[in-house]
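Let me begin by presenting the structure, written as structure tokens, before commenting on it.
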Amino acid sequence: MPNSLFANPERVAEELASQNYLAEHGLAAAVFLADQLAMPLFLEGEPGVGKTMLAKRISDALGVDLIRLQCYAGIDRSQALYEWDFARQLLHMRAGNDGDSIYRREFLLARPILRAVEQRPSVLLIDEIDRADDEFEAFLLEVLEGKTLSIPDYGTIRMDEPPFVVLTSNGTREVHGALKRRCVYHWIGHPDEQREAEIIRLNVPEVVNTPLAEQIAATMTQLRGLSLIRPPGVAESVGFARAAVALGRHTVADAADEALGVLVKHHEDQSIVRKILKPAAQ
């Protein structure tokens, strides 16, 4: 997928920044190498650190479609690759077309992986692979290793220009090493306060000339040190800043009560977080 985005890691970082995504050098290098080595990019980290958003910003920078496969417990190859449209096949046969093959492209329902292969170039996001089971991992490994997709009764589809593949994991379980070994791996952690403030200002320009971004970043660092059910991620930091702007609030403490639901997603955490937010900017 030749593009100036992948000229070098520095260029990757510049292009992503133009899409409001600040990537540190190690992450930019991982994106660059995934393209140069034609390997999937495996991103692991806690929820809200920007894994899914990175795939979106890569597709935006390239000007291609993002095709997303959301993983879940029990997902199988039919949800990921293809299914036959049995209803249309049956109608075709009942219309007196018994001599025609019912295994044609018009009766094939393309799921995300097949869509990404056919819709070249594209970015294929396989989101939250840690929620799938071992059997699906084995299937996915087979697909990512091969240069073709074989569909029984239909034929073989060559992957001459495979999509740029991004896999994400929240680390809820250990993904098999066999899959990780075939990817460029990168752990995305929470940014330090300075970087988080930069991210907030980049995404919420209304706070550029105020201390709100620094206040929020400092407060997020404090909250992540607590034993919360779901510590806030960068997505919540940006969301809280946008909420404060919408409410016309200029400090974390002033926005604490009204914007708490943007920041905290568990009732058990709210009373703890409220005590932190209220005196944060006093």
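Is one or more of the residues making up region 48-64 within 16 Å of the chain's Cα centre (by Cα), in a helix (DSSP H, G or I) and among the acidic types (Asp, Glu)? Within region 48-64 (the criterion being within 16 Å of the chain's Cα centre (by Cα), in a helix (DSSP H, G or I) and among the acidic types (Asp, Glu)), the answer is yes, since at least one residue qualifies.
When the residues of region 85-131 are filtered to those that are in a helix (DSSP H, G or I), over 31 Å from the mean Cα position of the chain (by Cα) and of a type in the set (D, E, K, R), the one that is farthest from Asp35 (Cα to Cα) is Arg94. As a summary of the residue check, Val12 satisfies the conditions (1) surrounded by 20 or more Cβ atoms within 10 Å (Cβ to Cβ); (2) within 18 Å of Ile126 (Cβ to Cβ); (3) in contact with a helix residue (DSSP H, G or I) (Cβ under 7 Å, 6 or more places away or on another chain) except for the one numbered (2).
Looking at region 225-282, the helices (runs of 4 or more DSSP H) lying wholly inside it that each contain 2 or more residues that are in contact with a Gly (Cβ under 9 Å, 6 or more places away or on another chain) and in contact (Cβ under 8 Å) with a residue 60 or more places away in the chain sit at 234-247. All conditions but one from (1) surrounded by fewer than 16 Cβ atoms within 10 Å (Cβ to Cβ); (2) within 24 Å of Arg173 (Cα to Cα); (3) within 17 Å of the chain's Cα centre (by Cα); (4) not charged (D, E, K, R) apply to Asn20; the one that does not is (2).
Within region 225-282, the residues that satisfy the criterion of being of a type in the set (S, T, N, Q) and either surrounded by 17 or more Cβ atoms within 10 Å (Cβ to Cβ) or not assigned by TED's automatic domain parsing to the domain that holds Val207 (or both) are Ser237, Thr251, Gln282.
Screening Leu43 on (1) in contact with a helix residue (DSSP H, G or I) (Cβ under 6 Å, 6 or more places away or on another chain); (2) part of a helix (DSSP H, G or I) shows it passes everything except condition (2).
Arg120 meets the conditions (1) in contact with a Cys (Cβ under 7 Å, 6 or more places away or on another chain); (2) basic (Lys, Arg); (3) within 23 Å of Asp60 (Cβ to Cβ) in every case but one. The failed one is (1).
Within region 180-207, can you find the residues that are more than 17 Å from Ala17 (Cβ to Cβ), out of contact with any helix residue (DSSP H, G or I) (no Cβ under 8 Å at 6 or more places or on another chain) and assigned to a helix (DSSP H, G or I)? Listed by number, the residues that qualify are Lys180, Arg181. All conditions but one from (1) on the phi > 0 side of the Ramachandran plot; (2) at pLDDT below 90; (3) surrounded by 17 or more Cβ atoms within 10 Å (Cβ to Cβ) apply to Glu128; the one that does not is (2).
The set of residues from region 159-175 being touching a Leu at 6+ places or on another chain (Cβ under 8 Å) and free of Cβ contacts under 8 Å to residues at least 60 places away in the same chain comprises just one member, Met159. Taken as a whole, the condition of being among the aliphatic types (A, V, I, L, M), closer than 13 Å to Ile129 by Cα and part of a loop (DSSP other than H, G, I, E, B) applies to Val175. Within region 180-199, residues that are crowded, with 17+ Cβ neighbours inside 10 Å sit with their Cβ atoms under 7 Å from residues that are among the acidic types (Asp, Glu), at 6+ positions apart or across chains, in these pairs: Ala197/Glu214.
The values are calculated or read from the model by the stated rules, or taken from the named source; none is laboratory data. For clarity, every value in this text was computed on a predicted model and none was experimentally measured. Cβ: placed from backbone, ideal geometry, glycine included. Neighbour counts: every protein chain shown.
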